[in-house]
1. For residue 413, give me every one of the aspartates and glutamates with a C-alpha distance below 19 angstrom, ignoring sequence neighbours fewer than eight places off in its own chain.
2. Would you please give the FRET efficiency between residue 534 and residue 415, computed as 1/(1 + (r/R0)^6) with r the Cβ-Cβ distance and R0 = 25 Å, to the nearest 0.05?
3. Can you say what percent of the DSSP beta bridges in segment 417-528, counting only those with both residues inside, are antiparallel? Round to 5.
4. So if I take the centroid of the Cα atoms in segment 196-210 and the same for segment 469-528, what is the distance between those two points in Å?
5. Residue 425 versus residue 486, label points 7 Å from Cα toward the beta carbon: distance in nm?
6. R0 = 35 Å: FRET efficiency of residue 546 with residue 272, Cβ-based, nearest 0.05?
7. Subtracting the Cα-Cα distance from 0.36 nm times the residue separation, let me have the gained length for residue 340 to residue 465 in nm, one decimal.
8. Kindly flag which residue pairs out of 70/285; 370/433; 20/70 have an alpha-carbon separation exceeding 26 Å in this structure.
Amino acid sequence: MPAQWPVLSGFAGYQPAWLKSDIMAGVAVAAVAIPSAIAYPALAGLPPEVGLYASILSLIGYALLGPSRKIMVGPDAATMTVLAAVLATMSLAEPGDRVLAASAIAIGVGALCFLASLLRLGVMAAFLSRPILVGFISGIALSILIGQIGRFTGMKIESEGFVEPFVELFRKADGIHWSSVVLGFAMLALLQAMAIWRSPIPGPLAVVIISIILSAVFDFAGHGINVVGNIPTGMPAFALPTLSNLPLRDLALGAAAVWLVGFGSGVVAARSFGAIAGFPVDANKELVGLGAANVASGCFSGFPVTVSDSRTAINLSVGGQSQVSGLIAAAVLAILLLYLNDAIRLLPAPALGAILVSAALGLIDIKGLKEIWRISRMEFAFALVGLWGVVSLGVLSGVVVAVSATLVYVLLKEMRPRDAMLGRLAGRNGFYKLHREKAAQPVPGLAICLIEGSLLFFNVDYVKSRIEAHASALPAGTRWFLLDASAIAQADSTAALMLEEVRVSLAQMGLGFGIAELHNEPMIILQRAGLLDRIGASMLFEDLEDAVAAFERQRA
C-alpha cells in the first residue's frame, strides 16, 4: 500500500470527549440512511437488501482509508441511475446476475479510483464543468421522476425516454391502481410538508415508519398495493463476483461511466461541505477513500457508492467528529438488517416511489441554473445540453453528451484566445492595454501584442489572423512587432510553424519580429522547431522592459 494513502486518517487525533457526539451522529446518519438504502436499489432493479449491504460495508471501507473525518459515503441517486442504465444494456438471464454485475462494477469503480489516485488524476474531478454537471444531474432527476410512474400507479411501465412512459400510461389508464396513487402522493405530500416545516425527524425516515405501520394495520399487500416483500436475514459473506456469465466489455465501460459521474459529483459535494465546515478536501486522497468504499461494497454483494449529501449533512449538523460516527452508523444498519427485516418487507412500493421523487426534486438545482443564466448565457446553454442528453438519449448516452459538451466547452474557450496591443501610461510603470486605458499610448515605432492563451493546433489560424490584423493597422514608421508571451502557457509544433509564417510575413512588411517573457515549456517546443534560432537571440527578451530598452538603443 503506497505510503501516501490516508490509512485511518479519519481517526487522526481522536479524543475521548468526541465519543458522545460521534455516537449521536452515527445513529442520526443511520436514520437518514435507512430510506435511501432501501429505496435506491429499486432504481437499478436490485433487491432492497443490497442497499443495506452497500451502506454498511462502504462506511467501513471509507473509515479505513478515507482521508476525511466528517464525510460519509453511501448510495447516490445519480450514481444509481447510471448503474441502472449500465445494467439495462446487459443481457442478464437471472435476477441474481444483476446483483453480481452491480458488485463487479463496484469493484471496478474502486479499482479505477485506486489507479487514478496513483496517477494523481484527482484533477479529473473538475472534468465535468459545474454548469454541465448541474444540467446533467437535473436531467438524471427528471429521469428518476419518470421512473416512479410504475410505483405510484401499481403498473408495469415498459417504455423508456421522456414522453413514451406517459403515452403508455395513458394507453393503460384502466389498469391504474388508485389506492397506490393516493398512498404515493400522500407520502410525497408528507415529505414536502416536513421539509417546509424543517422537522427534526428526517422526512424519509418518517415515511418509512408510517407506511410500514399502515401496511401492517390495513394489509396493503392484501389490497393490491405492492410491498418490498421478504429480504434475506443476516449479513452477506465475503465473495468476489463470478464473471463467467457477465459481459466483461460492458462491465468495464459501465464501471468507467459510473466512476466518472460518481467521482465527479462526489468530489463536488465533498468540496462544498469542506468549504462550509472548514476542512480541506484533497481529490487524490478522496479517490483512495472512495476506492476502499466501493471495493468493500462490491466484495459483499453491494453496488457502487459515492459521497452522500444527506448523510454528510446530518453528520455535520449533529456534530460528528471522526469516522467513529460512520462505524456507529454501519453497526446500527447491521442491527436493522439482522433483527428488523420483518418490518421492512411490509414497506409499500408507493412510499419508496415518494422517497425517490422527493430525492429527485432535491437534485434539480433551480437556483444553480438561475445563477448560471445570470453569469453566462453560453454556460447555461451547456447546462441545458447536459440536461437534454440524459432526458432525450438516456443516462449512458447522457454521460457521453456531458463529457463531449465539456470538451466542446473547453475548446470554445481556447479556440479564440483574447489579444490586446500594449502601450505606456505617462507617469506610470508597466504596460497597459490600449483598448482599455484610453490614455495609454504605444511606444513609438514598437508594436507590442499580448496573446492571452496557449497556442495550439486548433487556434493558431485565429491567432495568426489577429496578429496580421494588428500588423496591417500599424502606423508608418513602426519597426518592431513584439509578441508578449507572458500568458502563453503551452505551444505545439503547429504553433511553431504559424509563428514562423508570421515572422516571414512581418519581415516582408519591414517589421522585425521578437518575443518577450516566453515560458520554459513553449520555449523548449519553439527551440526544437528551430524558430528561436531564426528569430535570433537579439530579438528574444526576458521581459518587456528589456525589449523596450533594446529597441531604444537600436533606434538611437
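Values quoted throughout were computed directly from the atomic coordinates according to the rules given, and no laboratory measurement underlies them. As the structure is a computational prediction, the values presented were derived from the model and not from experiment. Using ideal geometry, Cβ is built from the backbone for each residue, glycine included, and neighbour counts are taken over all protein chains shown.
1. Once the sequence-local aspartates and glutamates are set aside, what remains near residue 413 is 379, 452, 461, 492.
2. 0.40
3. Antiparallel bridges: around 40 percent, rounded to the nearest 5.
4. Value for the Cα centre distance between the two parts: 66 Å.
5. For residue 425 paired with residue 486, the spin-label model returns 1.4 nm.
6. According to the calculation, E is roughly 0.15.
7. Here the segment from residue 340 to residue 465 would lengthen by 37.8 nm.
8. 370/433
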